[in-house]
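**Student:** Quick one: the structure is below, questions incoming.
The values are calculated or read from the model by the stated rules, or taken from the named source; none is laboratory data. All of these numbers come straight from a predicted model, not from anything done at the bench. So basically every Cβ, Gly included, is an ideal-geometry build from the backbone, and we count neighbours across all protein chains shown.
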Amino acid sequence: MTALKVLMIGGSGTISTSVAHEAVALGHEVTLLNRGQSDKRTPPSEARVLRADIKDEQSVRDAIGDESFDVVVDWLAFTTDDVRRDHRLFAGRTGQFVFISSASAYQKPISMLPIRESTPLHNPYWQYSRDKIACEELLTQLYREEGFPVTVVRPSHTYDEATLPIEGGWTSIARMRRGAGVVVPGDGTSLWTLTHSRDFAYAFARLLGRHEALGETFHITSERPLPWNAIYTLIARAAGVDEPDLVHVPSDAIAAVDEDWGASLIGDKAHSVLFDNAKVRSLVPGWAPQIPFDVGAREMVGWFDADPSRQVVDERLDGLMDRLVETYRPRAL
């Protein structure tokens, strides 16, 4: 594989840190451009780090000077204004621009499974997803009209050891350990797909520099969906709780008391999902997710237990969960 000069905007997040390590392992020359404010994850020591705020366009120009890159990956573009800024900064200066979209952009409710890249994009429930759709549409226009060399990647729910993929993160673990009820949206039987960041990174890093990926869209996900009841139970067992007190609460009821939590449910997590990864496998032959969620759950709990300062309880959310549990816990007859 030819070594590439790769610029990553961000590079210290849940997914991007694993991708940076994988890109370095493949022999690429990786530069991370960020504000240097993350203390959760360690970037690869081989990566060059530039300090700039992507929201300050001039600071980015000052940081990168007149450099060009084989690949630019922006992990922090969320709106069409962000995309227009990236186009101004990198048009003519990169052979591939990778936009990180979201699998939540796929139509809700879902009309057919498995989800493929050709599944329509439509999410009337979550502004985050609508913004990602608008970004994709703008980038498609720039590709068609100017040849701006975009590749779109849609992660689904991706986690690493520092990111608990349940509402409240450590707050829910703390509740499990003290025997308090834990809110599970819906009846807990809908299927959800969780992807370990290292599995994602293996496939993603091998799309970099591929001319076949230009103008194309890929999702990269696990292929082992689990019911939400199982997800919460596996996390609880990793935390030493054999039988967590799971209290099922309708997603609409959650949305009525917490708009952001509700939007992420009704616009995404309340819908069963199953993904077909044939398209990414066509460019990364033999790739398949390797890390089952029970292993990932133990990694996450171990990371939080290793340092008590990481065990932060969200008092507002904790109180909200108390009220939801009290309201929706089944009453004894």
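**Student:** What are the residues in region 277-307 that are assigned to a helix (DSSP H, G or I) and β-branched (Val, Ile, Thr), if any? Steps first, answer last, please.
**Tutor:** To start, the set of residues in region 277-307 that are assigned to a helix (DSSP H, G or I) comprises 278-283, 293-305.
Those that are assigned to a helix (DSSP H, G or I) and β-branched (Val, Ile, Thr): VAL280, VAL295, VAL301.
**Student:** Something else: Can you work out which of the residues in region 5-40 that are of a type in the set (Ser, Thr, Tyr) and free of Cβ contacts under 8 Å to residues at least 60 places away in the same chain is surrounded by the fewest Cβ atoms within 10 Å (Cβ to Cβ)?
**Tutor:** So the first thing to find is which residues in region 5-40 are of a type in the set (Ser, Thr, Tyr), and the list is 12, 14, 16-18, 31, 38.
Remaining after also requiring free of Cβ contacts under 8 Å to residues at least 60 places away in the same chain: 12, 16, 31, 38.
Details: SER12: 21, SER16: 26, THR31: 21, SER38: 16.
Checked region 5-40; the qualifying residue surrounded by the fewest Cβ atoms within 10 Å (Cβ to Cβ) is SER38.
**Student:** Cβ-Cβ under 7 Å, sequence separation 6+ or interchain: first residue in region 57-70 and of a type in the set (Val, Ile, Thr), partner surrounded by 14 or more Cβ atoms within 10 Å (Cβ to Cβ). Which pairs?
**Tutor:** Short answer, once both residue conditions are applied: VAL60/LEU33; VAL60/ALA52; VAL60/ILE54; VAL60/LEU89; ILE64/LEU50.
**Student:** If only one of ILE220, ILE266 is at pLDDT below 95 and under 22 Å from the mean Cα position of the chain (by Cα), which one is it?
**Tutor:** ILE266
**Student:** A follow-up question, please. Are there any strands (runs of 3 or more DSSP E) wholly within region 39-109 with 3 or more residues that are within 30 Å of GLY267 (Cα to Cα), and if so which? Don't jump to the end; show me each part of the working.
**Tutor:** Values: elements: 48-51, 71-74, 97-100.
Answer list for region 39-109: 71-74, 97-100.
**Student:** Among all residue pairs at least 6 apart or on different chains, which show Cβ distances below 7 Å where the first residue, located in region 111-129, is outside the structural domain of ALA263 (by TED's automatic domain parsing) and the second is part of a helix (DSSP H, G or I) and of a type in the set (Lys, Arg)?
**Tutor:** Going by the 7 Å Cβ cut-off, the qualifying pairs are GLU117/LYS279; ASN123/ARG130.
**Student:** I'm told THR79 meets every condition in (1) modelled with pLDDT of 95 or more; (2) of a type outside the set (Phe, Trp, Tyr); (3) under 22 Å from PHE275 (Cα atoms) except one. Can you identify the failing condition by its number?
**Tutor:** Here THR79 meets the rest and fails (3).
**Student:** Which of the residues spanning region 309-333 are free of Cβ contacts under 8 Å to residues at least 24 places away in the same chain and basic (Lys, Arg)?
**Tutor:** Once the filter is applied, which keeps residues that are free of Cβ contacts under 8 Å to residues at least 24 places away in the same chain and basic (Lys, Arg), region 309-333 yields ARG316, ARG331.
**Student:** What residue, of THR158, THR151, is within 30 Å of ASP318 (Cβ to Cβ), within 21 Å of the chain's Cα centre (by Cα), modelled with pLDDT of 95 or more and part of a strand (DSSP E or B)?
**Tutor:** That would be THR158, the only listed residue that is within 30 Å of ASP318 (Cβ to Cβ), within 21 Å of the chain's Cα centre (by Cα), modelled with pLDDT of 95 or more and part of a strand (DSSP E or B).
**Student:** List the pairs whose first member sits in region 270-288 and is under 20 Å from SER102 (Cβ atoms) and in contact (Cβ under 8 Å) with a residue 12 or more places away in the chain, whose second member is among the small types (Gly, Ala, Ser) and in a loop (DSSP other than H, G, I, E, B), and whose Cβ atoms are under 6 Å apart, counting only residues at least 6 apart or on separate chains?
**Tutor:** Taking only residues 6 or more apart or on different chains, the pairs are ALA270/GLY186; SER272/SER190.
**Student:** What's the total number of residues in region 214-231 that are part of a helix (DSSP H, G or I) and crowded, with 22+ Cβ neighbours inside 10 Å? Walk me through it before giving the result.
**Tutor:** As a first pass, look at region 214-231 and keep what is part of a helix (DSSP H, G or I): 228-231.
From what's left, crowded, with 22+ Cβ neighbours inside 10 Å: 228.
Looking only at that region, the number is 1.
**Student:** Out of (1) modelled with pLDDT under 95; (2) exposed (fewer than 13 other Cβ atoms within 10 Å of the Cβ); (3) over 24 Å from LYS132 (Cα atoms), the odd one out for PRO43 is which?
**Tutor:** (2)
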